[in-house]
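The structure appears below as structure tokens.
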Amino acid sequence: MTQIALPLSHRNAADPDRIVVGNANRGVIDALGDPSRWPFHTAILAGPPRSGKSLLGRWFAAQGRGEVLDGADQMDETDLFHRWNRAQENGQALLLITDGGAEGAGWTIALPDLRSRLGAALHLEIGAPDDAMVADLIEALAAQRALALGEGALTYLLPRATRSFASIERLVVTIDRLSLERKAPATLSIWRDALDAVHGAQQPRLL
């Protein structure tokens, strides 16, 4: 499993501030590593819920590479425009994190000057995780909760889990909850019931 630890304090391997690296975010991480290549030293980071956008922003800030504005699409546009201008004057990289998607995909900017400047920024987006990353995410999330998934868990869960960061997190949380409620180890019956709880009992089931 490949992870990036946020260099904010001494942390252990199961810390929630470790970022799982995979197909969905490797290109984003590479781009964040070299803000000197960003147009106008500005990048906009978008991605699905629970995909680690804020964690990546904290990692970027901890490297001392530039300023991070998380939730930029919710900010006052005039204030955001001034922050952009100040970053340009200081020669500072500016990373904008948005829940609304990249410009043109959910973030509508009314202020023309801001719209034109951010339209020229580097647009980064976290994608959907592939099988290898889903496996790493399940293992990392289980480790954070000190949850032993049991032998064969990934073989069973991987073909049935939705390729969604939020859904994968809910699945692991549900397995942990059911295991604690039943005072039983996480084995087949719990994996199956957790999948039903997260995806619905009517979901097609693989044999």
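The values are calculated or read from the model by the stated rules, or taken from the named source; none is laboratory data. Everything quoted here is computed from the prediction, not taken from an experiment. Cβ coordinates were reconstructed from backbone atoms using ideal geometry, including for glycine residues, and neighbour counts include every protein chain displayed. What goes into the accessible areas is simple: the full protein's heavy atoms, side chains included, and nothing from ligands, DNA or RNA. Shrake-Rupley method; radii C 1.70, N 1.55, O 1.52, S 1.80 Å.
Things to note:
- Relative to the longest principal axis of the Cα atoms of the chain, the long axis of helix 53-62 lies at roughly 60 degrees.
- Among 112, 35, 48, residue whose mean-square fluctuation peaks in a GNM of the chain (springs only between Cα atoms under 10 Å): 112
- In this structure residue 68 has an accessible area near 40 Å², from a 1.4 Å probe over the protein heavy atoms.
- Qualifying GluC sites (Glu not before Pro) for the stretch 81-161 [loop in DSSP, other Cβ within 10 Å: at most 15]: 151
- Angle between the chain longest axis and helix 165-182 axis [Cα atoms, degrees, rounded to 10]: 40
- Taking 0.36 nm per residue of sequence separation and removing the Cα-Cα distance, the residue 162/residue 67 pair yields an extension gain of 30.8 nm.
- For the chain, the carbon plus sulfur part of the accessible surface works out to 51%, probe radius 1.4 Å.
- Summarising the strand pairing of the chain, around 20 percent of its internal DSSP beta bridges are antiparallel.
- Modelled spin labels at residue 132 and residue 192, positioned 7 Å past Cα toward Cβ, are 3.2 nm from each other.
- Distance (nanometres) between label positions extended 7 Å along Cα→Cβ at residue 173 and residue 88: 4.1
- Between helix 77-90 and the chain: long-axis angle, C-alpha atoms, 0 to 90°, nearest 10: 70
- Net lengthening on full extension, residue 116/residue 151 (0.36 nm per residue, minus Cα-Cα): 7.3 nm
- Ranked packing of 161-168, 114-121, 92-99, most packed first, by mean Cβ within 10 Å: 92-99, 161-168, 114-121
- Between residue 4 and residue 74, the modelled label-to-label distance comes to 2.3 nm, taking each label 7 Å out from Cα in the direction of the beta carbon.
- Within the listed set 111, 171, 188, the residue fluctuating most in the Gaussian network model of the chain (springs between alpha-carbon atoms under 10 angstrom) is 111.
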